């Protein structure tokens, strides 16, 4: 059973956050699913621009934790566009054994608390 790559885990997190944004009425202006390219989503709601940073976080790391220096850089970039900045950490774990890697053959559990404004 092949272990999911870093890009595949990132895409999984992107799908979870993208669905949540869509369900909450956000319109996507840009989507970037490449690793290390930020922001992942540029979205519009109520005529306001939103930059959303998405991270796939593997158990036991905390999906709510983020790099404040990195987020400060993103926020400064967003402010040039009069945009709000959000962080969405998606915790992922193998559902049968949290300490095992996630593979394409296994179910997984998600720890996602939504996006938070930075």
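Selection within segment 63-97: residues that are surrounded by 14 or more Cβ atoms within 10 Å (Cβ to Cβ), at pLDDT 95 or above and over 17 Å from the mean Cα position of the chain (by Cα). The member of this set that is nearest to residue 42 (Cα to Cα) is 83.
Could you list, in sequence order, the residues of segment 16-34 that are assigned to a loop (DSSP other than H, G, I, E, B) and surrounded by fewer than 13 Cβ atoms within 10 Å (Cβ to Cβ)? Answer for segment 16-34, where residues must be assigned to a loop (DSSP other than H, G, I, E, B) and surrounded by fewer than 13 Cβ atoms within 10 Å (Cβ to Cβ): 24, 25, 34.
If you check 39, 60, 101, which single one turns out to be touching a strand residue (DSSP E or B) at 6+ places or on another chain (Cβ under 9 Å), in contact (Cβ under 8 Å) with a residue 60 or more places away in the chain and not in a strand (DSSP E or B)? After ruling out the rest, the residue left standing is 101.
The values are calculated or read from the model by the stated rules, or taken from the named source; none is laboratory data. Note that this is a predicted model, so its numbers are computed, not measured. Cβ: placed from backbone, ideal geometry, glycine included. Neighbour counts: every protein chain shown.
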